[in-house]
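So the structure is just underneath, and the comments pick up after that.
The values are calculated or read from the model by the stated rules, or taken from the named source; none is laboratory data. Computed from a prediction, not measured in an experiment: that's the story for all the values here. Methodologically, a virtual Cβ is constructed for each residue, glycine included, from the backbone with ideal geometry; neighbour enumeration extends over all protein chains shown. The protein model used for the area step is the full one, side chains on, heavy atoms only, and it has no ligands, DNA or RNA in it. Shrake-Rupley method; radii C 1.70, N 1.55, O 1.52, S 1.80 Å.
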There are 2 protein chains.
Amino acid sequence: MPRPTITQVAALAGVSIASASRALNDQIASAETIEKVRKAAAELGYIPDSRARSLKLGRTQQLAYAVADIGNPVYVEMMSAVQHVVAASGYRLVISSTGTTSTSLEVVDELRRGHVDGLILSPLRVTDELIQALELAPVPVVVLGRAPEESTIDSVRADSPRGMRMVVDHLVATGRRRLVFLNGPRDTTPGRLREEGFLAAMAAHPDAEGRTFAAPDFTIASGYAAAQKVLDDADDAPLDAIVAANDLIGIGALHAADDLGWSVPGDLSITGMDNTELAEVTRPGLTSVDLGAAERGRLAAELLLARIAEPTRAVHTVTVAPSLTIRASSMAKPLAQATAERGVG
Amino acid sequence: MPRPTITQVAALAGVSIASASRALNDQIASAETIEKVRKAAAELGYIPDSRARSLKLGRTQQLAYAVADIGNPVYVEMMSAVQHVVAASGYRLVISSTGTTSTSLEVVDELRRGHVDGLILSPLRVTDELIQALELAPVPVVVLGRAPEESTIDSVRADSPRGMRMVVDHLVATGRRRLVFLNGPRDTTPGRLREEGFLAAMAAHPDAEGRTFAAPDFTIASGYAAAQKVLDDADDAPLDAIVAANDLIGIGALHAADDLGWSVPGDLSITGMDNTELAEVTRPGLTSVDLGAAERGRLAAELLLARIAEPTRAVHTVTVAPSLTIRASSMAKPLAQATAERGVG
């Protein structure tokens, strides 16, 4: 079937081509004309050509979402939420994957091609150079992460230090006194922020002891090996809780504890962070902190649409509060029993 | 910074605007001119406007990927693979989520807006109406799923019946004789195909018995309740293996067996399907069939690019072979012991 043209729509509606176009694309016409033209367009199955239209309007009706790795479950959760808001507003979502070694600068460069009206970027590293590029970008950008205080970029951030505080408070409240933080690499943003958060949280509990140990990776295998080491050394350096920097390390620790004959949570509490689907399927289930990935995605999309609608509005920096899901891996043991066994308190 | 124009590029290169445009956009010019114009464009930071360019070329350099639920891990795996191929070919990927109740017809309608050069569609249900719409679509479409034999649509399909055969053969080879298939809803494409596959596979083993049981959903909770029922009835209807229709049902069965005191794989083997990340984190690990989601995504993207390059090429229907990953949940028990215990063989 040949595609119907605006000329045919105009002829059927009995108006000029210019009127038909204005009525359809810009809603600038009398109510009666708009109604006539819409009816004719519907009858013929006419759909405006989005390329011609976007060129004329100077808008593409597309937004981009760029992340390091589109297969990472945390980014997927964000993307689903972004897509939901974007689609409901009549925009299309273009995905790019920056790769884990990228500075994200190419994504910002690409914006000059004019293929989108805005960008949501979740950079692995927020450098000064990147922020400067974003401030000069030809379309609005929202950063999922930590933009500097003085920048003019809208941003949405998680609060992993506060999440870490919730975990530590929970463990201490359930009778744990000797906590080991199992981190991934410390030279990553999550590694640095989560370890700082752990140490700050421990400082609030002078009756408990905290130490840290870094695994080479945020993976199950890395967590397994690190936990094995920590548990093997337990005679010299006793512990009653492992605070993992993410769920994968926590799952590795659960498996290591099982293999070495430690009862969880009888002898040892174990917690994770990110509250991925994986935390629900282990036995015992893994206590974990939800950093609100879906909520962050939703807010980022809403900030971007608001910025497009009103380019001069005030800069927004939004922080999403974490929440703790307590599962069997850190259920309370009676305090008296813990004290008697470990001789601390 | 005002955006540099093609006029400035042409002036700096010392060629006409038409030559500069041909050299940059179509590579139609002498090698020397192309080199001069490229250098001038690089110096000025000129990037062609993609909207103007796509209108002129009649191409958008965009492809769409449409699935029911972009958060589903199987679709995410496909999407990562699609994105990888698409990005490497200089295209952008536009994502749409059709929702789980949709007929996907709106996605096909949307193609008439001219925003993409092709579509990869993973429909939940492949209806005659949908195939007809796809055959009339204004741009090429590749279906991730089962297109009818006589259709002119390129398609990439999984082979879950063969996957089911691999599971059943493995269980029988490791001494299991009484198999229960725990399905999700039978009125879905996976539910129907996987159950047919199970029954066909059992028919090849007259010395073993198979029966089926449908859970109301493909979820952990549904699998847990269904397995509980089946295991509670084991005195009247003995079993030594549960073949779950997907990993989530399999994980529910693992948890139910644990709670009811069944040893896995001592008393009972349990298997899943889809080989998601979840199958690796359970204890015991869940034996599962990989239906090649990433490979299917990769092939679909390649078929689409090939079709765009050569619209008249022969229709391709590609089937990706499954593979079985054996984990602890179905490790072999000695055949003699199995026979003695169960009195079958």
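Things to note:
- If you check B:Asp207, B:Asp187 for being out of contact with any helix residue (DSSP H, G or I) (no Cβ under 7 Å at 6 or more places or on another chain), assigned to a loop (DSSP other than H, G, I, E, B) and in contact (Cβ under 8 Å) with a residue 60 or more places away in the chain, only one passes: B:Asp207.
- Out of B:Arg298, B:Arg307, sole residue that is away from chain A (no Cβ under 14 Å) and either of a type outside the set (Asp, Glu) or touching an Asp or Glu at 6+ places or on another chain (Cβ under 6 Å) (or both): B:Arg307
- Residue in segment A:43-61 that is at pLDDT 80 or above, within 12 Å of chain B (Cβ to nearest Cβ), under 30 Å from B:Ala68 (Cβ atoms) and within 18 Å of the chain's Cα centre (by Cα) present: no
- B:Gly292 away from every other protein chain (no Cβ under 13 Å) and closer than 20 Å to B:Gly191 by Cα: yes
- In this entry, A:Asp247 passes the filter for residues that are within 26 Å of the chain's Cα centre (by Cα), within 14 Å of chain B (Cβ to nearest Cβ), among the charged types (D, E, K, R) and open to solvent by less than 10 Å² (accessible area, probe 1.4 Å).
- Residues within segment A:72-90 that are more than 10 Å from chain B (Cβ to nearest Cβ) and more than 22 Å from B:Glu277 (Cβ to Cβ), tallied: 4
- Residue within segment B:125-135 that is surrounded by 19 or more Cβ atoms within 10 Å (Cβ to Cβ), of a type outside the set (Gly, Ala, Ser), within 18 Å of the chain's Cα centre (by Cα) and more than 14 Å from every other protein chain (Cβ to nearest Cβ) present: yes
- Screening the candidates B:Arg186, B:Arg146, B:Arg177, B:Arg192 for the property of being in the same structural domain as B:Arg211 (by TED's automatic domain parsing) and either open to solvent by less than 60 Å² (accessible area, probe 1.4 Å) or under 26 Å from B:His84 (Cα atoms) (or both) yields one hit, B:Arg177.
- Test: residue in segment B:94-116 that is modelled with pLDDT of 90 or more, under 23 Å from A:Met78 (Cβ atoms), facing another protein chain (nearest Cβ under 7 Å) and surrounded by 18 or more Cβ atoms within 10 Å (Cβ to Cβ): yes
- Among residues of segment B:263-278 being more than 22 Å from B:Asp169 (Cβ to Cβ) and surrounded by fewer than 20 Cβ atoms within 10 Å (Cβ to Cβ), the one that is farthest from the other protein chains (Cβ to nearest Cβ) is B:Ser263.
- Residues that are part of a helix (DSSP H, G or I) and within 14 Å of the chain's Cα centre (by Cα), drawn from segment B:291-327: B:Ala293, B:Ala294, B:Glu295, B:Arg296, B:Gly297, B:Arg298, B:Leu299, B:Ala300, B:Ala301
- Residue check, B:Ser89 open to solvent by 40 Å² or more (accessible area, probe 1.4 Å), touching a residue at least 24 places away in the same chain (Cβ under 8 Å) and not assigned by TED's automatic domain parsing to the domain that holds B:Leu248: yes
- Of all the numbered requirements in (1) within 14 Å of chain A (Cβ to nearest Cβ); (2) crowded, with 22+ Cβ neighbours inside 10 Å; (3) over 27 Å from A:Gly71 (Cα atoms), B:Gly252 misses one, and that requirement is (3).
- Here is the figure for segment B:282-335: residues that are open to solvent by less than 40 Å² (accessible area, probe 1.4 Å) and free of Cβ contacts under 8 Å to residues at least 12 places away in the same chain total 1.
- Residue count for segment A:138-167, restricted to those that are within 23 Å of the chain's Cα centre (by Cα) and either over 22 Å from A:Arg298 (Cα atoms) or not hydrophobic (A, V, I, L, M, F, W, C) (or both): 20
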